1. So what J values fall out for the range 84-101 if you push phi through Karplus, 6.51 cos²θ - 1.76 cosθ + 1.60 with θ = phi - 60°, rounded to Hz, Gly and Pro as x?
2. Using amide H atoms built 1.01 Å from N in the peptide plane, name the residues 5+ places from PHE225, or on other chains, whose amide H lies under 5 Å from its own.
3. Which of rounded, prolate, oblate describes the range 121-213, given a ≥ b ≥ c as roots of the alpha-carbon gyration tensor eigenvalues and a/c under 1.5 marking rounded, otherwise prolate only if a/b is larger than b/c?
4. Sequence-distant or interchain residues sharing an amide H contact under 5 Å with ALA28, placed H: which?
5. So, in nm, how far is label GLU193 from label ASP230 when the simple model puts each one 7 Å beyond its Cα toward the Cβ?
6. Residues with amide H under 5 Å of ALA55's amide H, sequence separation 5 or more or different chain, H placed in the peptide plane at 1.01 Å from N; which?
7. If each of SER118 and ASN88 carries a label point 7 Å out from its Cα toward its Cβ, how far apart are those two points in nm?
8. If you take the square roots of the eigenvalues of the alpha-carbon gyration tensor of the range 13-133 and sort them as a ≥ b ≥ c, do you get rounded (a/c under 1.5), prolate (a/b over b/c) or oblate?
Amino acid sequence: MLEVREVTRLFGQKAAVNRISFEVTGPAFVGIIGRSGAGKSTFLRMMNRLTDASAGEILVEGRNILALKGAASRAWQSQCAMIFQQFNLVPRMDVASNVLHGILNRRSTMQTLFSLWSRADILKALEILDRLGIAEQAPKRAEALSGGQQQRVAIARALMQDPKIILADEPIASLDPMNAQIVMDTLKKINVEDGRMVIANLHTLDTARRYCDRVIGMRDGEVVFDGTADELTTSVAREIYGADDSFNEAATSTSIPADAKADDPAWSQPAYAAAMVS
């Protein structure tokens, strides 16, 4: 269970996030929507402890994660994986090693310096890549992949942590509609099959309606809507975005056809897998 209580983040005198509160029970898929500067990214960064809160509490299973320090805070970050809009991969590093970097905080300095990975860790990384339909990309440099493939590598890195919660900050903002669908389908599959809570900042209303069990609308650092996807009407969207009657919902659309199918490539065990575990 996630409880957010009166959480605030001040930058000088300005409140980027202003006393927001909500609860999430069970492994829901939660979408946070709102204009740029509404406080969506700041909230996710507070949850992942990349940014400190000015006030309030975030309780996960009764523990206030905002009060964690040092090793306890780092341990929480491994349980609360973050996926970024710009992927945050190491461009010149191969895909499998990028995925393995998801467990860097569990390894010694010596193991990290010399990239010493156990057979079990390597097989787990390849298994995750296979699940996401990109196992054949394992030996390639991350920079050689398309944007959609890179974002799936970032998701694989997050899964390598075996987190309780996955936070996704605008995960499809840089992608074309079809790759956006592949990434969102992947996150939804993880949510449903693994029972992991997913909280995603989204910039399109159709995506929020299609994938989210719960939608939270933020405006000027405050929660102005908290409801189901069905309750996210055009009038509600106008309130969230501070728009008048001229607001055109189509302007936020990803234009993904409802019946479109994303083809995950079949994979035959690459020679690279054998080389890595030998």
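1. So the Karplus estimates, Gly and Pro as x, are 9, 4, 9, 6, 6, 8, 8, x, 8, 8, 5, 4, 4, 5, 4, 5, 4, 5 Hz.
2. Result for PHE225 returns GLY217.
3. Note, shape of the range 121-213 comes out oblate.
4. Here VAL198 satisfy the definition.
5. Label at GLU193, label at ASP230, 2.8 nm between them.
6. The list, which skips near neighbours in sequence, is THR8.
7. Output for this residue pair reads 2.5 nm.
8. Details: a/c = 2.03, a/b = 1.76, b/c = 1.16.
Prolate, since a/c reaches 1.5 and a/b exceeds b/c.
We did not get these values from a lab; they are worked out from the coordinates using the rules stated. Quantities reported herein were computed from a predicted structural model and do not represent experimental measurements. For neighbour counting, all protein chains shown are included, and Cβ atoms are generated from backbone atoms with ideal geometry for every residue, glycine included.
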